[in-house]
Amino acid sequence: MCGITGLWNLNGELVEPRMFDMFTDSLAHRGPDGRGVYVDTQVPLALGQRRLAIIDTSELGRQPMSYADGRYWIVYNGEIYNFLELRADLLAMGYQFTTDSDTEVILAAYDRWGEDCLLRFNGMWAMAIWDCRKKQLFVSRDRFGVKPMHYFYNGERFAFASEMKAFLTLDWFPVEFDEEMIATALTHYYLVEGMERCLLKRLHRLHGGHCLTVRADGSLVTKRWWNTLDHLTEVPRKYDDQAERFRELFLDACRIRMRSDVAIGTALSGGLDSSSVLSAMWHIHHSSGNLERSAVDWQRAFTATYPGTPEDERKYAEEVIAHTGVQAVYSEIEPALMLRHYDDILFQFEELSDIHVGPWQVYKAQRENNVIVSIDGHGGDELLGGYYYHVQAALRDALKPFPHLWRYSDLKQTLLSLDLFPHEADYNVPTFSSLLTEKIEALRWKMRGNKSTLNSSNPWLNYYPVPFSPKPLEADRFRLRKRSQFFEKLYLSFHYIDLPTNLRDFDRLSMAHGVEVRAPFLDWRLVTYSFSLPSDSKMGHGFTKRILRDAMRGVLPESIRIRRNKGGFVNPAGAWLANHAESFIMDWLSSEQFINSSIWHGRQIQQDVGGAFHIHNYHVIQRGWLYLQAMHLMRLFRERATASRTLI
């Protein structure tokens, strides 16, 4: 919905208007439709927003927005999909509204229920609410961390922003990179988003399901307001009834996410999850009687194609497009695209990860076609077990405490037929003997006092990665030990590892073009229901994500519903790009800036990657590409910080 900023000078220093404007406008790409700033000079505190107008696009819907005769002020990034239902409840209690926005509903709900209003919201958000009477700032992030929130706090100042790059405009903020977090990202980039520490020193990431309160005395208190383990529910005993309930929840999750005053579309890969979303939208449009505030313009699907690669899924996307009758927009992705826009994409992305240029181009095409909201399939794999290691975890459960032969045989066949990562699947089928060997090795490591492999040395690095131990995860571990390995693997994948990384990546890739992404699979009702289901409802009978497939019978094209192979985005550092980028990669690896880095062994990396090109070892080339990302990102941050601060 937008980009938000805030600054509270707890030391009493006045907020410098020009600097705060630059702080806010650094997020203009997230909100190209307008801007707003509120300043409380008595405190002093400022709130800023760059607007992406989606619900109530009139001037009445602009932010920062006030409520209760100016007592509350809010800046907010996201959408509360059940705002119509909450509005009706609040109207019945005597509350009045002057806008048609969900933002005003949030303020009324906060006035009525305080922090507990968060439990009533079905949506995604990062928000800050200033209470002028109490002189208190309340900051919150949605249950699963869909929308980003970074903050700085040193006792004298508190500042927050949707993206790290915004802090580059603050002349008092030192642009220093955390070498240990850089090492973590270069070694295990998929763990970074689950941590509180950021790539920039002194910045913190507010975890999903958390809120914090800052008071005038300078105190800051962080609180966990949501834990999925506390909200598991009863599910029907019969599998057919379970699938029917899943269908009801999923269709309703899609229905309320179609609420929009601007055009919506979908990013369609042709896989099970995105195809389910588009087919559900089509089904809802033709069968639902409750489409209040639903977008009129929704019938467009945007697909990335990779001609000449095994990962090109256009033929599957075409089946879904033919089934729904929507308009198709194809974006052909070619290797040079990444190189042509390298600095722009990397700065917009602002993290170290496996950057996929395909989605970046798809969201760009959406904005060029005046589609502002994309309803996508993110979260289906992490929620229902779509990856090969989820099947492996279920296989381990089938061997303990004693072997369940039918279940083991079924899951083994499921793993071998995935056609996702066939090279891993071929030799990573857990067996009773392999589990015994693992236990023995783990015991030996424990007796020797060895550290986790996560902290083992990397011959390319001068720093150790940061141990992965998020505070909320540590609090969950005791309860997770009582669960199956499949449950634990899904829980970690969804809450701390895979999904947070994917949500971050797609937030940056979409908001770079001013496009909002909504994900029905992350509806909290569907999440708590799915985590309450037995494992064989999600994994078994030859299929991953079993319950989704059965719930979508008659809605999804049958060929997609029973499709076993799972594609993925082409890796821009693999064979697809490497043959076109060898000179680019090797020139930068040979640069003085790269060779002399204090974080890594530049000369060793240069030699290893150079040798990898000769033998076509794309795994090593990919690692080298990530180190180049690190060098260029640090360069871009320092250059942009210098440029912006000379304008103040």
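A short reminder: the numbers here are calculations on the coordinates, not readings from a lab. Given the structure is predicted, the values throughout are model-derived calculations rather than measurements. FYI the Cβ positions are ideal-geometry reconstructions off the backbone, even for glycines, and counts take in every protein chain you see.
Observations on the structure shown:
- Working from label points 7 Å from Cα in the Cα-to-Cβ sense, the ARG293 to TRP113 distance is 1.5 nm.
- Spatially, the stretch 324-342 and the stretch 67-127 are offset by 38 Å when compared through their Cα centroids.
- Averaging Cα coordinates gives a centre for the stretch 241-290 and one for the stretch 390-408; these two points are 33 Å apart.
- Phi to ³J(HN,Hα) by Karplus 6.51 cos²θ - 1.76 cosθ + 1.60 over the stretch 148-161, Hz, x for Gly, Pro: x, 8, 10, 9, 10, 8, 9, x, 9, 9, 10, 9, 9, 7
- Ranking of ASP587, ASP536 by count of other Cβ atoms within 10 Å, fewest first: ASP587, ASP536
- In this rough spin-label picture, where each label sits 7 Å from Cα along the Cβ direction, the LYS238-ASP40 distance is 5.6 nm.
- Column: log10 I(q)/I(0), Debye, Cα scatterers of the stretch 575-645, q = 0.20, 0.27, 0.28 Å⁻¹: -0.79, -1.22, -1.28
- Volume per residue of the C-alpha convex hull in the stretch 228-567, rounded to whole Å³: 166 Å³
- Spin-label zone in the stretch 350-377 - amide nitrogen under 16 Å from a point set 7 Å from the Cα of ARG340 along the C-beta vector: 357-366, 368
- Which listed pairs, of LYS223/LYS400; LYS238/LYS471; LYS165/LYS566; LYS201/LYS566; LYS482/LYS545, have C-alpha distances above 28 Å, in listed order: LYS223/LYS400; LYS238/LYS471; LYS165/LYS566; LYS201/LYS566
- Residue-span extension gain [TRP406 to GLU59] - 0.36 nm each, minus C-alpha spacing: 118.7 nm
- Potential lengthening of the chain between LEU647 and HIS616 amounts to 6.5 nm, from the contour at 0.36 nm per residue minus the alpha-carbon distance.
- Residues LYS471, LYS147, LYS482, LYS364 arranged by fewest to most Cβ contacts within 10 Å: LYS482, LYS471, LYS364, LYS147
- Using the Cβ of GLN413 as centre and a radius below 12 Å, the other residues enclosed give a net charge of +2, where K and R count +1 and D and E count -1.
- Counting only DSSP beta bridges with both residues in the stretch 228-567, the antiparallel share comes to about 20 percent.
- Net charge dipole, the stretch 118-158: roughly 140 debye, given to the nearest 20, about the Cα centre with Cβ charges of +1 for Lys and Arg and -1 for Asp and Glu.
- Between ALA28 and GLU13, the modelled labels are 2.6 nm apart [label points 7 Å from Cα along Cα→Cβ].
- Per residue, the average separation of C-alpha pairs within less than 8 Å and at least 6 apart gives the chain a relative contact order of 16 percent.
- Net charge, VAL329 excluded, C-beta distance under 10 Å - Lys, Arg +1, Asp, Glu -1: 0
- Where the alpha-carbon atoms of the stretch 1-111 are placed on the principal axes, they occupy 43, 30, 18 Å, in descending order.
- Stokes-Einstein diffusion coefficient of the stretch 2-226, Kirkwood radius over Cα pairs, 10 °C, 1.306 mPa s, in µm²/s: 89 µm²/s
- Normalised convex hull volume, the stretch 161-277, alpha-carbon set, Å³ per residue: 235 Å³
- Calculated FRET value between GLU582 and LEU416, using beta carbons and R₀ = 45 Å, to 0.05: 0.80
- Between the stretch 211-233 and the stretch 603-636, the Cα center-to-center distance that results, in Å: 41 Å
- PHE177 long-range amide H proximity, modeled H, under 5 Å: LYS201
- Cα-Cα P(r), the stretch 278-335, percent of pairs per 5 Å interval: 4, 16, 25, 18, 14, 10, 7, 4, 2, 0
- Rounded to the nearest 20 debye, the dipole size of the stretch 91-166 about its Cα centre is 240 debye, using +1 on the Cβ of Lys and Arg and -1 on the Cβ of Asp and Glu.
- In sequence order, calculated HN-Hα J values of the stretch 163-173 (Karplus, 6.51, -1.76, 1.60; Hz; x Gly/Pro): 9, 4, 4, 4, 5, 5, 7, 8, 5, 8, 8
- Ranking HIS619, THR5, THR184 by Cα position along the charge dipole of the chain, where only Lys, Arg, Asp and Glu carry charges on their C-beta atoms, puts THR184 farthest toward the positive end.
- Positive-end extreme of charge dipole, the chain - chosen from MET552, CYS132, TYR239 (charges on Cβ): TYR239
- Residues SER219 and GLU156, FRET efficiency given R0 of 22 Å [Cβ-Cβ distance, rounded to 0.05]: 0.95
- Fraction of alpha-carbon pairs over 39 Å apart in the chain - percent: 31 percent
- Check: the chain dipole with +1 on Lys, Arg Cβ and -1 on Asp, Glu Cβ, in debye: 1660 debye
- Backbone HN-Hα couplings from phi across the stretch 109-122 [Karplus 6.51/-1.76/1.60, Hz, Gly and Pro as x]: 5, 5, 5, 7, 10, x, 4, 5, 4, 4, 5, 8, 7, 10
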